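These notes concern the structure reproduced below.
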Amino acid sequence: MNPFSTKEESKMSLNELRAAEAKLLVPTYDRNAVLFERGEGVYLFDNHGERYLDLLSGIGVNALGYAHPAIENAIAQQSRKLIHTSNLYFHAGQAELAMRLTERSGLDRVFFANTGTEAWEGAMKFARAHAGLLRSEGKQIGTKFLALEHSFHGRTYGSVSTTHKAKYREPFAPTLPGVEFVRFNDVADLRDKFSSDVCAILLESIQGEGGIRPLSKEFLATARELTASTGALLVLDEIQAGLGRTGKWFAYQHYDILPDIATLAKPLAGGIPLGAILCTEEVARAIHPGMHGTTFGGGPLACAVAIAVIDALDRDCLLENATTVGGYFMNQLRSLQQKHASILDVRGIGLMIAAELDSAELGKIVVRKMMERRILINCTSDTVLRFLPPYILTRAHVDQAILALDEILADAAAGHQAEQNTTLAGGHSRG
Ligand SMILES: *Cc1c(COP(=O)(O)O)cnc(C)c1O
């Protein structure tokens, strides 16, 4: 077989791919049985040409949807010039991109990494290095981290050590020592666990994987006040919520506070891997050449695409769109909640939205039935339907999703009712 052939017959079918992957890949993923070939706008197309409305956008990555001309052009042009140089030399992209990120964030400096977890690891290292600098200047400050219940920060060691769910951490024990978890939005518990032993409080402004849970204003304000009182750092993970998804460039801007460090990744370079650590001048004081680095991070291609993404978000007013279409989406979900007792809660901000259901089983059914209707969503934390659509979503797309959800939840409730009736009548379950 010619490996360079593009002929149809040389392609593996979905079933062949499944069999090959089952044999060849480390079994980390339980994939949905669909084979995507291309995308356009908010839609993905599978190998049969079937069109899917994508309300997950590659887990919050494809902010501009698929095949956006700004991204296509940036990749095409930059790939002809320079893809990689390493961080031993200058290229035009990092300063240009850092200018855009610092202007919008209120933070002073940037380090470019490749992924979310790598940005988070770097942020933790910066916090430890900063505390070390303060100790060398005679301040009393320890090395402990406070993280939060339901948190998710990634899969590498530091990140997984600060991730709350035991199933992610325990198989890899011992994880990083010196991490303590605080109860979600529990101000008293935060005050209780904070001391001069703590070098940083680590939080997602709005928790993603943990079920789209926003921090309370009081909780975040308390974290800011406590850290400021000792010189410890407030580190905010904006990898999922940052860069416009909530209708503001950074989710912490809904809270009128400024962190010492913020991490970014998912939508930053429109699907090309790129992460970033943003920090204050005070934090950067602790870092010197050679202390931290990366071979690939902040390469010319990723930076060129990220610049194009940010400029497109501005030009097409997509943060405003996230606010208005996201608000409409939440209102429509709240109306559904009036009709369906199985929806316990609707929450979120901008286009980071959740509908919490009353059972994990129903969560699985809804995701599967939505997929049968060619709409992609995800269920996180067992019972939380999560919507992270591209920022180019329109009300018509929302209407399509709401109609499908309405029918699926009604069917599920009717099925449930029928089952209960047969049980009450002493009969057997429906054939
Ligand atoms: C996805 C995510 C990460 C990890 O990012 P990766 O690029 O998968 O390493 C970290 N924190 C948050 C809040 C995330 O949503």
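Any chance you could look up the accessible area of D345 with a 1.4 Å probe, heavy atoms only, rounded to 10 Å²?
That residue has around 60 Å² of solvent-accessible surface.
Hey, what D do you get for the range 270-372 in µm²/s if you plug the Kirkwood alpha-carbon radius into Stokes-Einstein at 37 °C and 0.692 mPa s?
183 µm²/s
Using the Karplus curve 6.51 cos²θ - 1.76 cosθ + 1.60 with θ = phi - 60°, work out ³J(HN,Hα) for each residue of the range 297-302 in order, rounded to whole Hz, and write x for Gly and Pro.
Coupling constants for the range 297-302: x, x, x, x, 5, 4 Hz.
So what are the ³J(HN,Hα) numbers for the range 221-228, from phi and the Karplus equation (6.51, -1.76, 1.60; θ = phi - 60°), rounded to whole Hz, Gly and Pro as x?
With the stated coefficients, the range 221-228 comes to 4, 5, 4, 5, 5, 4, 5, 4 Hz.
Would you tell me the accessible area of R315, worked out with a 1.4 angstrom probe on the heavy atoms of the protein chains, in Å² to the nearest 10?
Approximately 150 Å² for this residue.
Ignoring the sites themselves, what is the longest stretch of the chain with no chymotrypsin sites (Phe, Trp or Tyr not before Pro) in a DSSP loop and at most 13 other beta-carbon atoms within 10 Å?
Details: sites that count: F4, Y29, Y89, F90.
After excluding every exposed loop site, the longest remaining stretch is 91-431.
Taking 0.36 nm per intervening residue step and subtracting the Cα-Cα distance, what contour gain separates E361 from E282 on full extension?
Result for the pair: 23.6 nm of gain on full extension.
Through the Karplus equation 6.51 cos²θ - 1.76 cosθ + 1.60, θ set to phi - 60°, convert the phi angles of the range 184-198 into ³J(HN,Hα) values in whole Hz; use x for Gly and Pro.
4, 6, 9, 4, 5, 5, 4, 4, 4, 8, 7, 7, 6, 6, 8
If you roll a 1.4 angstrom probe over the protein chains with everything in place, what fraction of the accessible area of the range 199-304 belongs to carbon and sulfur, to the nearest %?
Numbers: 1710 of 2990 Å².
Ligands and nucleic acids excluded, carbon and sulfur reach 57 percent.
Name the long-range amide H neighbours of A200: under 5 Å, sequence gap of 5 or more, or other chain; modelled H, no Pro or chain starts.
Under 5 Å from the amide H of A200: L146, L233.
Quick one: what do you get for the range 90-219 if you divide its Cα Rg by 2.2 N^0.38 Å? Don't skip to the answer; put the middle values down first.
Numbers: Rg = 16.1 Å, N = 130, 2.2 N^0.38 = 14.0 Å.
Rg over 2.2 N^0.38 Å, computed on Cα atoms: 1.15.
Roughly how big is the range 21-124's charge dipole about its Cα centre, with Cβ charges of +1 (Lys, Arg) and -1 (Asp, Glu), in debye to the nearest 20?
It comes to approximately 280 debye.
Among rounded, prolate and oblate, which fits the chain when a ≥ b ≥ c are the square roots of the eigenvalues of its C-alpha gyration tensor, a/c under 1.5 means rounded, and a/b larger than b/c means prolate?
oblate
Cα centroid distance between the range 342-372 and the range 240-300, in Å?
Cα centroid of the range 342-372 versus Cα centroid of the range 240-300: 29 Å apart.
Taking 35 Å as R0, compute the FRET efficiency from the Cβ-Cβ separation of A20 and A228 and round it to 0.05. Walk me through the numbers on the way to the answer.
Values: r = 54 Å, r/R0 = 1.56.
Plugging the Cβ-Cβ distance into 1/(1 + (r/R0)^6) gives 0.05.
The values are calculated or read from the model by the stated rules, or taken from the named source; none is laboratory data. The structure presented is a predicted model; accordingly, all values stated were derived computationally and were not measured. Here Cβ is always computed from backbone atoms with ideal geometry, including for glycine, and neighbour counts include all displayed protein chains. Note: accessible area is taken over every heavy atom of the protein model, side chains too, but ligands, DNA and RNA are not part of it. Shrake-Rupley method; radii C 1.70, N 1.55, O 1.52, S 1.80 Å.
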